[in-house]
Amino acid sequence: MTLLKIGIISNVHSNLYSLMEIYDLLEKECVEFILCLGDIVGYGPHPNEVVNFIKRKHIISIKGIYDSAVINNDFSCINEGTINSFSVNFTFMELTKNNLYYLSSLPSELIMNFGNFNIKFVHKNPYKSDQDIQEDILVCGYEHTPNKIKVGKGKCIIIPGSCGKPVSSIGGVSCGVLDISNNVYNYKILKCKHLFSKINKDMKMMNFPEILINSYDIDTY
């Protein structure tokens, strides 16, 4: 008997079109709630629209490293380069005060207990070795390629991948569904074709650097 069905997303990166597609996909899965593992903003042209959507749809969220970079308007969390220099400054200037405050108020991790499982949700894996994890299930954002890693003793690491920045190996973007009963859990990865043409048009209209625009086209990876 299912106790809980959770939709998991990460790395939205200010891509409203992909977020809406992924949200609809998870709605069809009849998840009870959606949890976002951070990097809500950065790279893409829709930071306010994405934050507003997440708030409006009551998506539970934690803070990612790109969110922290934007909040502080610095590069202590991420590398400085052509793309990041433009993206951090653009996003910081674009976000409303309310949305900056929302991002700054997000926790860095969440710990939940369902059935017999202790689950930690984080943006980036905090352990030096996968074998060191203390929880039954560690759910991580940060990495853009989805994965499920069994680490022995019934423990595992779940990575939903990128909801907003496309990955060539999967042909688009992804999310995950975690289905929990008392003694058993099931996890599946859902993939979605990336709507590059729409975000491409928006970034060109807003004079984004070509190198950043091209990073959303999986054919250029």
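The values are calculated or read from the model by the stated rules, or taken from the named source; none is laboratory data. Computed from a predicted model, the values in this text were never measured in an experiment. Don't worry about glycine lacking a Cβ; one is built from the backbone with ideal geometry, like all the others, and counts go over all protein chains shown. Please note that ligands, DNA and RNA were not included when accessible areas were found on the heavy atoms of the full protein model with its side chains. Shrake-Rupley method; radii C 1.70, N 1.55, O 1.52, S 1.80 Å.
The table below gives the values:
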item	result
Residue match in region 36-53 (condition: in contact with an Asp or Glu (Cβ under 9 Å, 6 or more places away or on another chain), closer than 19 Å to H144 by Cβ, surrounded by fewer than 21 Cβ atoms within 10 Å (Cβ to Cβ) and among the β-branched types (V, I, T))	no
Filter result for I133 (touching a residue at least 12 places away in the same chain (Cβ under 8 Å) and closer than 30 Å to K28 by Cβ)	no
Selection from region 64-73 of residues that are under 15 Å from the mean Cα position of the chain (by Cα) and in contact (Cβ under 8 Å) with a residue 24 or more places away in the chain	G64, I65, Y66, D67
Residue within region 127-141 that is open to solvent by 10 Å² or more (accessible area, probe 1.4 Å), out of contact with any strand residue (DSSP E or B) (no Cβ under 6 Å at 6 or more places or on another chain) and within 20 Å of V173 (Cα to Cα) present	no
Residue check, L4 farther than 23 Å from E143 by Cβ and open to solvent by less than 40 Å² (accessible area, probe 1.4 Å)	yes
Identity of the residue in region 14-30, open to solvent by 20 Å² or more (accessible area, probe 1.4 Å) and aliphatic (A, V, I, L, M), that ends up farthest from L195 (Cα to Cα)	L25
Answer residue from region 60-117, given it is open to solvent by less than 60 Å² (accessible area, probe 1.4 Å) and part of a strand (DSSP E or B) and is nearest to I34 (Cα to Cα) among those	S61
Members of region 50-77 that are among the aromatic types (F, W, Y) and within 15 Å of M20 (Cβ to Cβ)	F53
Qualifying positions in region 1-53 - hydroxyl-bearing (S, T, Y), farther than 24 Å from K120 by Cβ and not in a helix (DSSP H, G or I)	S14, Y43
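Residue by residue, here is whether (1) within 17 Å of I159 (Cα to Cα); (2) among the β-branched types (V, I, T); (3) under 17 Å from the mean Cα position of the chain (by Cα) holds:
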{"site": "C36", "(1), (2), (3)": "yes, no, yes"}
{"site": "I62", "(1), (2), (3)": "yes, yes, yes"}
{"site": "F75", "(1), (2), (3)": "no, no, no"}
{"site": "S85", "(1), (2), (3)": "no, no, no"}
